[in-house]
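As structure tokens, the structure follows; a few thoughts come after it.
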Amino acid sequence: MPSPSLSSSPSPSPSPSSSPSSSETLFRRITDYAHRADPYPLYAELREHKVARQEDGKYLVGTYDEIAALLHDPRVSSDVRNRTEPDPALLPPEGLPPAFIGRDDPEHDRLRRLAMRPFGPPHSPGRVDALRGDITRIAEQLADGLRDKERFDLVDDFAFPLPVTVICDLLGVPSGDIPQVHTWADTVVTGLDFTPGEDPGPRRRAAQEARAAMGLYLGELAEKRRRQPTGDMLSALANDGGPDGQLTQEELMVSTVLLLIAGHETTVNLITNGMLTLLRNPEALERLRAEPELMPRAVEELLRYEPPVQFLPQRTPLADIEVAGVTIPEGVPLVLVLASGNRDPLRFPDPDRFDPDRKDNQHFGFGSGIHNCFGAPLARLETQIALTTLISRLDGSRLLEDPPEYRNSPVLRGPRHLPLAQAQR
């Protein structure tokens, strides 16, 4: 149920001024690469306004209670086709429906249930936990390969190969195709960039083409699994039916593209942001090395403190909605800045401090509401194993660059590279 700060009764919206005010340029500044290493002062500025109308007509929301209410509000759509002026570059490739992450109920619920059947409870409750041994083996092999290196890149040498190997194995993608999958996924994620003053059209068109190519590839692979099932998740998606029937070929294509991209891109950031945070907080790192059983709670704090998804840029009100005294009109772009809500001092005491003992940590690291990340159990398990393995086997690692080079995307925020050095034995 929406909180008291949300209402259907309209009130006057602030009118745009002839020259943009500081609050009206927040999105432009947040998405400027110059602030990628530390966007948190801008998020603090956003929280002062709670809701900030931008110069181009979109609205930013940055306070915890308001974000939480909007994430659970049925008047807020995840389907960009409901915008008054939808950006063609944000629409799905021609001939393909949106993935369930970009749909509203009841279609979202149906598609999500179908995708969940071979992945988790109630139909496949042991799927993720059964991966624990394989994830540990992969993490240990990768970490052992770094022991004799004086310098290495945590992203290229560990944080990327671990989750991409796991999700490709889970789906049934041949290991020889992983480089092509990585190229497609990187192009799709680049389409989420918001570079001030740059035409996003070419990037987004390239992202659409990459998404379509990946969908065709996975669709052809699914056809092979229909004829010869191999026990992987793609075989289950292609063959298993339930009360809702089966995914159509088009639905299967867009759903598996989503699973493949979301199944590793965010986890790469979570592992890398996690190791960067621990190296910046050596006391916490040493404590986790001595008490690895504390890692699950530490990962929850990392999800709050440095979330891999910084904001949700594709929400749209289906009616005029009042939020914190500001009317957000029907059909306009609505951006929920999750990372800002995660640092809201009205919800989290001392929010800018990394505290692995933090209690009552109801963060937005995996979103909330009906679109809460359904891959969260796998991402949590991978990150817990990854960080435990790294800090136990790579004693003495230190940062070579701080801040490191970041990925261009302000949405999926994380280091592009994280060069580390370690003392040689």
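Below, the figures for the structure above:
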item	result
Cα-based reach from Lys58 at 29 Å (exclusive), listing lysines while leaving out same-chain residues under 8 positions away	Lys50
Neighbour net charge for Val323 - beta-carbon separation under 14 angstrom, K R +1, D E -1	0
Long-range amide H partners of Ile328 with built H, under 5 Å	Ile321, Glu322, Val323
Rg/Rg_ref, the chain, where Rg_ref = 2.2 N^0.38 Å and atoms are Cα	0.98
Residues whose placed amide H lies under 5 Å from that of Asp355, excluding near-sequence neighbours	none
Those lysines that a straight Cα-Cα span of less than 21 Å connects to Lys224, excepting residues fewer than 8 apart in one chain	none
Sum of side-chain charges, Pro308 neighbourhood, beta-carbon under 9 Å (Lys, Arg +1; Asp, Glu -1)	-1
Proximal aspartates and glutamates to Lys359, defined as alpha-carbon separation beneath 12 angstrom and excluding residues fewer than eight positions away on the same chain	Glu300, Glu301
Simple label model, 7 Å out from Cα along Cβ direction - His123 to Arg29, nm	4.8
Positive-pole candidate from Gly126, Asn361, Pro307, dipole of the chain, charges at beta carbon	Gly126
Fraction of accessible area attributable to carbon and sulfur, the chain (%, probe 1.4 Å)	52
Normalised contact order of the chain, rounded percent, pairs of Cα under 8 Å and 6 or more residues apart	27
Within a Gaussian network of the chain (alpha carbon springs, distance under 10 Å), most fluctuating of Gly219, Gly414, Gly231	Gly231
Pairwise label distance in nanometres, Ala423 with Thr230, each label 7 Å out on the Cα-Cβ vector	4.6
Net charge dipole size for the chain [Lys, Arg +1 and Asp, Glu -1 on Cβ; Debye, nearest 20]	440
Per-peptide average of other Cβ atoms within 10 Å, ordering 276-285, 301-310 highest first	301-310, 276-285
Charge dipole (the range 22-422, unit charges on Cβ, about Cα centre) - positive-most of Ser397, Val268, Gln228	Gln228
In order through the range 99-114: 3J(HN,Hα) via Karplus (6.51 cos²θ - 1.76 cosθ + 1.60), integer Hz, x for Gly, Pro	5, 5, 5, x, 10, 10, 5, x, 5, 4, 4, 4, 5, 5, 4, 5
Solvent exposure of the range 22-422 as accessible area per residue, Å², 1.4 Å probe	40
Computed accessible area, Tyr217, all protein chains, 1.4 angstrom probe, square angstrom	40
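The values are calculated or read from the model by the stated rules, or taken from the named source; none is laboratory data. Since this is a predicted model, take the numbers as computed values, not measurements. With ideal geometry, Cβ positions are generated from the backbone for all residues, glycine too; neighbour counts draw on all protein chains shown. Side chains included, ligands, DNA and RNA excluded: accessible areas come from the protein's heavy atoms. Shrake-Rupley method; radii C 1.70, N 1.55, O 1.52, S 1.80 Å.
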